[in-house]
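Notes for the one structure printed next.
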Amino acid sequence: MNPAALRYATAGIGALVLIAVPFGLTADGLHVLTLWALTTIAAIGLNLTLGQAGQVSLGQGAFVGIGAYLTALVTTRGWPFPAAYVLAFAACCALGWGLGYCALRVRRPYLPFLTLAFGAFVFLIFRNEEWLTGGMYGINRVPRPSLLGLSLAGPFAFYYFCLFNLVVVAAAVWWLRRSPWGRAFAALRANPRRAEAVGLDTRLYTLMAIALGAGLGGVAGVLYAALLQYVDPTPFSLTMSVSLLLMVVMGGSGRLLGPFLGAAVAVVLPEGLRFAQNYYLFGYALAVILLMAFWPTGLIGIAERLATALTKPRAVPAKAPR
Amino acid sequence: MSALLSVHNLTKRFGSTRAVDGVSFEIERGEILAVVGPTGSGKSTLFDCIFGQTAPSAGEVRLDGRAITGLRACEASRLGLARTFQGAQLFADLSVRENLIAAGQEHRGSLWSRLVGAPDAGLADTAAEMTTFFRLDGFAERRAGRLSHSQQKLLDIAMAFMARPRLVLLDEPARGVDEEVSAHLRERLRAINAQAGATFVIIEREPDFVASLATRMLVLVEGRVVA
């Protein structure tokens, strides 16, 4: 079996498992799986920013929060759910673009600091602007969506709704990566000086990657608000941003399936390892350090190397000019 | 008709050092101009200034009569300028084919069409022609970072021609390659010049590579044109 066929087979089996697995789960398990699906969307967004444009963002949690709060604010006032999508995606894209624009005016390493400050600023707004956000009490009774008159309020229906969102986002990103835009992102990441020399507007592509990444954070926030049916500031602190960053790094920065694995390790695995208590965090931190030191391509990179070793026929080296 | 490239009194200072010091020259269409000089004479900085990858301290650059001083490299590229680098600058994780397509795709269609259009941006045939032309057949799917030094230099040069530029700045194209590849490269450049009327400025430390190729030669020493 060639590597491409193996990839498609793995993706197909993974999809079947995700469709079938809820039937064997408790309500808590289903909640965790739904949380994984929407967290993966946020991680896919960050993977665009980090993995494609090579920009470190410490503000992805803030974008998830903005998406969640916008959803809570508009849906509790009777706006339809699709409006929350459009609003969250557009607002986060615009904010991401603005932050990126400011950061790129100076020098590359400034984006982490800028997004860090932005995250703190957004968190303070969530916590302190009670007239708008409800402060520490947050906003209650966020409705779940309905589709063509069918309610998606139940845990099963909502899980499949989130899974559908994840499939759509993953397919869109897959499309993007195989398009000339994807090649431009890869070129930008590999060698910005050469990329600029071949006519690639590195500033524009970097801003697009940051904006799209932030926009997907907003989409994840929409689903987050609908999952919990309640939003408060606590989850959207720096911890969420760092956690999302680690998911991307651990899964495999720049790899399409990296965020899926990274989010699974960060969201699903702790539920299975509850008996380990805080030792899980110790193990998680150690795993990240080891991955960075020895396998910087992350879990998906390790999986790919294994798959290549298993499927690659012995190559006969072509004769090369010296 | 104005010269294709006109460089007037170009100067680049780094602190008190003048890396490029009042350089002026013109190049006509179809010409091959060689710029030779020892290491540190400001040759690559001159290219950086012409191409917009370093802002000059003074002076002016015109491409086909249009001032391009201060334009970004991507803008200069879209106006028909291309360049190579002293050490091959490639997209190491991409295949040879992908490197070639990446080098030409930004010159095709709009930003939107590059999102929704063909993944190869309609450049697959051109990329295949280039791999054959520069003797990279059989390596199209190999990652650029895994090529030999000579192959990387050839790919670096092939990439510069993907967008059919009007003027190519070649920075030490024969550096570190053996005599066979060097001769092949010289012959290829001569062929492109004869067939497509392409115009080159070639930087070299030693005049050997460019002696039989260039129609004119400038000698640069400590940032100044001395001959």
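Nothing in this text is a laboratory measurement; each read-out follows from the coordinates by a stated rule. Since this is a predicted model, take the numbers as computed values, not measurements. Cβ: placed from backbone, ideal geometry, glycine included. Neighbour counts: every protein chain shown.
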Shape call, the stretch A:61-214: gyration tensor on alpha carbons, a/c limit 1.5
oblate
By how many degrees, between 0 and 90 and to the nearest 10, does the Cα long axis of helix A:202-228 differ from the longest principal axis of chain A?
40 degrees
Mind pulling the angle between the C-alpha long axis of helix A:27-47 and the longest principal axis of chain A? Nearest 10 degrees, somewhere in 0 to 90.
60 degrees
Rounded, prolate or oblate (a/c below 1.5 giving rounded, otherwise prolate when a/b exceeds b/c) for the stretch A:1-77 by Cα gyration tensor
oblate
Residue B:80 neighbourhood, Cβ < 9 Å, K/R = +1, D/E = -1, net charge +2
If you take the beta carbon distance between residue A:148 and residue B:66 as r and set R0 to 56 Å, what does 1/(1 + (r/R0)^6) give as a FRET efficiency, to the nearest 0.05?
0.50
Taking 0.36 nm per residue of sequence separation and subtracting the Cα-Cα distance, how much length would be gained by fully extending the chain between residue B:141 and residue B:29, in nm to one decimal?
36.8 nm
Please report the net charge: other residues with Cβ closer than 12 Å to the Cβ of residue B:144, K and R +1, D and E -1.
+2
Where does the charge balance sit around residue B:58 when Lys and Arg score +1, Asp and Glu -1, over other residues with C-beta under 9 Å from its C-beta?
+1
At R0 = 22 Å the Cβ-Cβ FRET efficiency linking residue A:23 and residue A:230, nearest 0.05, sits at 0.25
May I ask you to derive the FRET efficiency for residue B:224 and residue B:55 from their Cβ-Cβ distance with R0 = 22 Å, giving the value to the nearest 0.05?
0.65
Each label point is 7 Å from the Cα along the Cα-to-Cβ direction; what then is the distance between the points at residue A:124 and residue A:290, in nm?
4.1 nm
Helix-only [θ]222 nm of the protein assembly as shown, DSSP H runs n ≥ 4, -39500 (n - 2.57) each, per residue, nearest 500:
-17500 deg cm²/dmol
Checking the a/c ratio against 1.5 first, then a/b against b/c, what shape does the Cα gyration tensor give for the stretch B:94-164?
prolate
Work out the P(r) tail for the protein assembly as shown: percent of alpha carbon pairs separated by more than 40 Å, whole number.
35 percent
Report, to the nearest 10°, how far helix B:149-160 tilts away from the longest principal axis of the Cα atoms in chain B, using its own Cα long axis and a range of 0 to 90°.
80 degrees
How far is it, in nm, from the label point at residue B:16 to the one at residue A:277 when both lie 7 Å from their Cα along the line to the Cβ?
6.8 nm
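To the nearest 20 debye, what charge dipole does the protein assembly as shown have about its Cα centre, counting +1 at the Cβ of each Lys and Arg and -1 at the Cβ of each Asp and Glu?
Here the size comes out at about 160 debye.
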